[in-house]
Amino acid sequence: MESWALQAAATLNAGTVLALAGLGLLINERAGIVNLGAEGIMLMAAFAGFATGVHTGSDLMGFLAGGAMGAVLAATLGYLVIWLNANQYATGLALSLFGSGFSAFAGIKYTQEKLGPRPHFEIPGLSKIPFLGTALFKQHPMVYLAIALAVVIAWFLYRSRSGLVLRAIGENPESAHALGYPVRRIRLAAVVTGGALCGLAGAYLSVIYTPLWVEGMVSGKGWIALALTTFATWRPGRILLGAYLFGGVTMLQFHLQGQGVQIPSQFLTMLPYLATIAVLVLISRNPAWIRANMPASLGKAFFPEG
Amino acid sequence: MFKLEARPQPSRLMSCASPLIALAITVLIGVCLFIWLGKDPVKGLEIFFVEPLKNAQAISELAVKAVPLLLIALGLAVCVRANVWNIGAEGQYLLGAVAASWVAMQAGPGTGRWIVVAILLAGVIGGAIWSGIVAFLKDRFNANEILVSLMLVYVGQQLLDFLVYGPWKDPDGYNFPQTITFLSVTKIPRLMVGYRANIGVIIAIVAVAALWVFLFRTYRGFQLQVGGMAPAAARYAGFSSRSALWIGLLISGGMAGLAGALEVAGPMGQLTPYLSVGYGFAAIIVAFVGRLHPVGIVFSSLLMSLFYIGGELAQSRLGLPKAMTSVFQGLLLFTLLGCDTLILNRLRWIGVGKPKHSEEA
Amino acid sequence: MRPSRTSLLCKLVACTAVAATAFIGCDKKKEAPAEPAKPQAFKVAFAYVGPVGDGGWTFAHDNARKALEKELGDKIQTTFVEKVPEGADAERVFRDLASQGNTLIFGTTFGYMEPMLKAAADLKNVKFEHATGYKTAENLRTYDSRTYEGAYMAGVLAGGMTKTNTLGVVGSIPIPEVIRNINSFTLGAQSVNPRIKTKVVWVNAWFDPPKETEAAQSLLNQGVDVLMQNTDSSAVLQAAEKAGKYGIGWDSDMHAYGPKAHLASAVANWAPYYIKATKDAMEGKWTTGKAWWGVKEGAIDLVSISDKVPADLKAKVEKVKAGLKDGSHVIWQGPIQDNTGKEVLAKGKVADDEWLGGIKFFVKGVDAKVPGGK
């Protein structure tokens, strides 16, 4: 029983990295921008967060540095894509390539560094509840922050006026422009916010999760986060669930192995991607569903006249 | 202050000059990096741009590196021109290699050289099947091709892993995840003894010519580009964006698969999980830097290969970290994308003072 | 943009410009005074699979390269290329290193086997050394470390320190080397605590820190209280540190990464072999073969044993180490049963290297099946 509670706790923790990055990409994509640079942003942020953590001894500073790094890189991407009308996919890929290269380059001397003793958290009282205490209430604050962020983003998108504008821009930038909204600046704000969240995810990975810095350490989490936003049909709540599900698949795979169950791990690993394709096909086949889910201008350039 | 303003017409000059300016800026940043790292910048540039071309052996190696990039990028150029976004060439490359490996493993003592043709065909088919899935899901269910093709990259890598860790594992290979080494009869013929460059080079050159003819000299190619760029207009003229979708994806998948087959039956000689070194993604950059033009892509794939090989040489000769390669490649594309703005826009001096945000009005 | 002949022309211009820049570079170089070449330094090159800063496998090899430079000083000159993919690129790197005048080239991962064979067949005057492979040629020999001796010594500590009698190993790829390490770790633990069970989780990669973390976490959740890993990062040790359990450093001394969790590090020191191989080649005594060095040759050690380890347990480990050094302690000696109860090594029989090289089973006490095995 205890082992399942621990497994649940580990799943929440594993899902948090994906949830943070997924929420960031959600904001990007809600505004119509696909950010294929997520992997590169996360790597740069993981490096920046770790290095800052080493120098300042503060995890918080590490997170801030990671977030800031993510925001700066995303702003570069945003400027190229939104103002200079560069191709979104090519720019994103360039960012991924550059990020993985530059973080390796700059981070080389930090691979031998280490952070101080890692903090241990539990919520007083609640953590004493049998099973649930272990499963839910002994997590790093970032785990709860991710949940809170999902709630805030959901509220923002569906209950606030600015959220409505953001979604309108993602649906149809031309009419939002015609209504007098500064489409480009709002898109840039969305991209920067999203980048900051991806950065936070990267910093959480290197500062708390593994906790170490080595080049290439994000190992594809950025790409899974991209899958996740689609899998979650661009809804914050579903991103959270999907993140735990994707995180859970990996944990389940290891748990089963430890129990001596033999299944080719490759099939479990490809499951999140197949599930994403399945969801995409399901929502796409019906024009009403796709309209209700996918931001219509996703990946399309917006070119105001004049 | 300068202000960016739209040109009345896209500038032809800039569309050619932009890659050069981008390259120049990349080189400039590279020089700064060399100086910062305490290395002689001249020597650094020489290693990146001269050393990989210094003799026949080096050029042959450059070709080995450039051919897969070139083939994949050519296919992607067709795709992008048809306005279809296939970013999963990596997966199609892997599947092409898987299919080709299957054929190569069927070879026995009595097999003739014809099997090479079968291997290459299998590669094309394998890649085309993988991109065909994307086309089918888009055509039938309207599923976004960007996301589907990207997801299929990871599915493809896992499928390859499953095969080499499982059913295709070399029984005498001490459980290492790799297939048997293919019989020498399956080997892609080399151009010259002692050099690794193989007939892939010829195939690539033919592909460049064929693609140029297809895109610019055939009605079908014209149709494809119109069908992709302006679906409504195309429909009016009787062209179909559906056929643009299928043709674009099948060609690019087939080309990527062919590259995979050439790699696995050429320099590799066996299938391992390490087949992929990111050619599929790098080729997207190659296609863009090459302006989606067959001839341009020849140059950009060579340039990209120079960066790959140069990075290696810079390490063994100057002790620079290998990450230089991806820093340069990423920078080149960044600057290119930035410079490309100057094709559609121009900079104009608007005097000192605050610029008006006219574009937001 | 519409492509046209003009743009084709521009391409040509582009190309010429690149070439021109390059040649300008060339000329300038000729003006520069030539560096005084060191008199006939013996050139040795290394190709690494990972980044030198991986803190594990490649890091250990690069440290050995530095030790080699220190030992032989001016007489040699070393070069390395990191992150050489185990695909079509490797052969080019070997050929290029040879063309640079390196007459002794080390390739430090199994995946270079075929590329090194191909390069060795053409470059007869160059000596090739391939780590962990099984194919040799006239000018290609293989070398490896008996990492399982380190695993065994770590197992002795783990067996003495565990409270749950459950050990966990994060495995990379189920090849004989890794299976042998897991088995030896278990045998070592059983030598002090017969009730030991070992759980194994495979990540199918040598290097993937988040996945290694998750695998370690999963083992901890299943009651494991001492972790070992046959992967390349310190993530598993750090997971043990965070959970307040024990861990073992692997390949290099990882004490600093988990000061509380760290029981000891099973390190591979490649320097003695690199020094010997280089001297062989310099003195013309180099012949092909297979080297497999362990504690005896100073290639394997267990270092930084934690203060938490009680003195009697520490003494046991030291005794084992001394025994391995003088050859009086043999790890793989019958009777040994596999985990289905079949006897794989009869009583009194000592396993030879070939037998060890082909291990495809888990010993009794390992609570897992070999993937892809029967």
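Numbers at a glance
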quantity	calculated
Approximate shape of chain B as ellipsoid semi-axes (Cα gyration tensor, √5λ), whole Å, largest first	37, 29, 18
Normalised convex hull volume, chain C, alpha-carbon set, Å³ per residue	200
Paired Rg and Dmax values of the range B:165-232, which use every Cα atom, in angstrom	21.0, 59
The range B:110-257 shape via C-alpha gyration tensor axes, a/c threshold 1.5	oblate
Net dipole in debye of the range C:255-339 [+1 Lys, Arg Cβ; -1 Asp, Glu Cβ; about Cα centre; nearest 20]	80
Buried area at the A-B interface (accessible, heavy atoms, 1.4 Å probe, summed, Å²)	4100
Debye-sum result for the range B:249-358 in log10 I(q)/I(0), which assumes one identical scatterer on each alpha carbon, at q = 0.10, 0.15 Å⁻¹	-0.45, -0.83
Degrees, to the nearest 10: C:147-161 long Cα axis against longest axis of chain C	40
Expected-Rg normalisation [2.2 N^0.38 Å, Cα atoms] applied to the range A:149-208	1.33
Greater than 26 Å apart at Cα, pairs in C:Lys325/C:Lys349; A:Lys138/A:Lys221; C:Lys285/C:Lys319; C:Lys245/C:Lys316; B:Lys169/C:Lys211; A:Lys114/C:Lys279	C:Lys285/C:Lys319; A:Lys114/C:Lys279
Kirkwood Rh, angstrom, the range B:1-135 [1 / mean 1/r, Cα pairs]	19.4
Along each principal axis, Cα extent of the range C:151-254, largest first, Å	33, 30, 25
Dipole moment magnitude, nearest 20 debye, the range B:61-319 about Cα centre, only Lys, Arg, Asp, Glu C-beta charged	680
Length-normalised contact order of the range C:231-322 in % [C-alpha pairs under 8 Å, at least 6 apart]	24
Kirkwood-type radius of the range C:42-145, with distances r between different C-alpha atoms, in Å	13.5
The range C:238-374: C-alpha gyration tensor shape, a/c 1.5 cut-off, then a/b vs b/c	oblate
Three semi-axes of the equivalent ellipsoid, the range A:212-286, Cα gyration tensor, whole Å, largest first	24, 17, 11
Size of the range B:29-88 as Cα extents on the principal axes (Å, biggest first)	46, 30, 16
Gaussian network model of chain C, springs between alpha carbon atoms under 10 Å - residue of C:Ala261, C:Ala322, C:Ala189 with greatest fluctuation	C:Ala322
Loss of accessible area when C meets B, both sides summed, Å² nearest 100, probe 1.4 Å	4700
Selected from B:Thr272, A:Ala225, B:Phe216, residue furthest toward positive end of dipole (the protein assembly as shown; charges at beta carbon)	B:Phe216
Dipole moment magnitude, nearest 20 debye, the protein assembly as shown about Cα centre, only Lys, Arg, Asp, Glu C-beta charged	1820
Solvent-accessible area buried by A and C, counting both chains, probe 1.4 angstrom, square angstrom	2900
Cα-based radius of gyration of the protein assembly as shown once divided by 2.2 N^0.38 Å, which approximates compact folds	0.93
Accessible surface of chain C, 1.4 Å probe, proportion on carbon and sulfur as whole %	54
Convex hull (Cα only) mean projected area of chain A, reported in nm² to one decimal	17.4
Of all accessible heavy-atom area on the range B:61-319, the percent that carbon and sulfur account for (1.4 Å)	70
Backbone HN-Hα couplings from phi across the range C:236-241 [Karplus 6.51/-1.76/1.60, Hz, Gly and Pro as x]	5, 4, 5, 5, 5, 4
Ellipticity estimate at 222 nm from DSSP helix runs (n ≥ 4, -39,500 (n - 2.57)) divided over the protein assembly as shown, nearest 500	-19500 deg cm²/dmol
Shape metrics for the range A:2-76, restricted to C-alpha atoms - Rg then Dmax, Å	14.6, 47
Cα-based shape type of the range C:137-211, given that a ≥ b ≥ c are square roots of the gyration tensor eigenvalues and the cut on a/c is 1.5	oblate
Listed residues C:Ile196, A:Gly107, C:Pro371: farthest to the positive end of the dipole of the protein assembly as shown (Cβ charges)	A:Gly107
Over the range A:25-158, volume per residue of the alpha carbon convex hull, in Å³	138
Per residue, in Å², the accessible surface of the protein assembly as shown once ligands and nucleic acids are set aside, probe 1.4 Å	37
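The values are calculated or read from the model by the stated rules, or taken from the named source; none is laboratory data. All values derive from a computational prediction rather than experimental measurement. Counting neighbours? That spans all protein chains shown, and the Cβs are built from the backbone with ideal geometry, glycine included. When the accessible area is computed, the model is the full protein with side chains, heavy atoms only, and any ligands, DNA or RNA have been set aside. Shrake-Rupley method; radii C 1.70, N 1.55, O 1.52, S 1.80 Å.
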